[in-house]
Amino acid sequence: MIKGTGRRIAAATAVVALTAAGCGTDGTSIAGAGASSQEIAMQAWLAGLHDLQPEILASYDPTGSGAGREMFITGAVDFAGSDAHLDDEEVLEAEERCEGGEVLELPLYISPIAVAYHLPGLDVEHLQLAPETIAGMFDGRIERWDDPAIIATNPGVELPDLQVVPVNRSDDSGTTENFTEYLAEAGGGAWPHEPSGTWPRSGTHSGQQNVGMVSTLEAAEGTIGYVDASQVTDELGTVAVGVGEEFVPFSPEAAAAVVDASPPAPGASDTRLVIELDRDTDAAGAYPVVLISYTIACTRYDSAEKADSVRALLGYIASEDGQARAASPEVAGAAPISADLRERVMAAVDRIEGPAAG
């Protein structure tokens, strides 16, 4: 699989192309912000929409999930990306900016979170780690790479006598929230903290957004962190996580398997298609360290032109072509949504409209 460096180049190319194509064009502008996990896929989606409807000038700023939700709630952007769905208070606040309409939360980007490490020279395709071992490493209780817990699941692998250096996100991150949910639910009590979008331990090594995480991981030997799988570089190794009696590396298919096995989240509706991921699954071939990144929008906007543009963008993202773009290994390697989920998403997207009459 082609890793993150090439994808970031492709994303940058898409940004430049969109900017150049937009110069001197009269059209409707819409702006989005949020999850950095979506950055590469979103640039591919914006490029695809531009090919079809060049009059729509769309942009996306990968500020992080927390910032994106806040910007959407305050009306600073027209849509947002978030690796965690809105909580009850945020839903009420978001409804106030939706011109009397409803909030849309659509699971349009499904991607594994890679547990990535930097151990140059380690001759193994994937290290095999049990969930409680991963939890112990990130909680600072497993301090050496040749700890018996790591040796036990990696027979024959020559592990270095080197300090484990856990790395976390420094910003309010949906990726962090998804990862700490996994640690709390699958770690069997080895993770003593509540799931949160902010890292629960102080004094740690950290990086801002996915790009900052990768840079911090690559800067020293012995590091281990968590990043959207689309941004893993060739410098980093990745973990096959324990699921039942097997160890499963990340892949789009393995990420899709755990999503398909998971129920709706509390508060789900025809417009809020939120999912409660089963992090502690023992389903064969499922990779439970996964994020669902939602696209958040309104069913009503203050102008018909803006409503039409947002509807066109979300419809393209959910389309077979849009999902295939994000699924390409050369782009983001995401897991395409199922046909059933696409039908439900499209029904929600069709509800987007302009201001109420009168």
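Here, each number is a calculation from the coordinates, and none is a lab measurement. As the structure is a computational prediction, the values presented were derived from the model and not from experiment. Cβ placement follows ideal geometry from the backbone for every residue including glycine, while neighbour counts extend to all protein chains displayed.
Worth a mention:
- Positive end of the dipole of segment 173-267 (Cβ unit charges, origin at the Cα centre): among Gly237, Ser202, Thr180, the Cα lying farthest that way belongs to Ser202.
- Relative packing of peptides 222-231, 329-338, 302-311 - highest average C-beta neighbours within 10 Å first: 222-231, 329-338, 302-311
- Taking the Cα centre of segment 113-258 as origin and assigning +1 to Lys and Arg Cβ atoms and -1 to Asp and Glu Cβ atoms, the resulting dipole is close to 300 debye.
- If the convex hull is drawn through the Cα atoms of segment 113-258, its volume per residue in Å³: 107
- Using equal-weight Cα scatterers in the Debye expression, the normalised intensity of segment 40-105 in log10 at q = 0.14, 0.28 Å⁻¹ is -0.47, -1.19.
- Separation of alpha-carbon centers, segment 88-119 and segment 247-271, rounded to whole Å: 15
- Fewest-first ranking of Asp340, Asp51, Asp278, using other Cβ atoms within 10 Å as the exposure measure: Asp340, Asp51, Asp278
- Ranking Ala324, Ile275, Ala254 by Cα position along the charge dipole of the chain, where only Lys, Arg, Asp and Glu carry charges on their C-beta atoms, puts Ala324 farthest toward the positive end.
- Scoring 256-265, 41-50, 178-187 by mean Cβ neighbours within 10 Å over their residues and listing the highest first yields 41-50, 178-187, 256-265.
- Simple label model, 7 Å out from Cα along Cβ direction - Asp87 to Arg141, nm: 2.6
- Coarse-grained scattering of segment 198-250 at q = 0.23 Å⁻¹, given as base-10 log I(q)/I(0) from a Debye sum over alpha-carbon atoms: -0.96
- Against the set [x] 20.7, 66; [y] 20.2, 74; [z] 23.1, 80, the structure's computed Rg and Dmax of the Cα atoms in Å falls on [y].
- Sequence ranges 90-102, 111-123, ranked by mean other-Cβ count within 10 angstrom, highest first: 111-123, 90-102
- Charged side chains reduced to their Cβ positions (Lys and Arg at +1, Asp and Glu at -1) give the chain a dipole of some 600 debye around its Cα centre.
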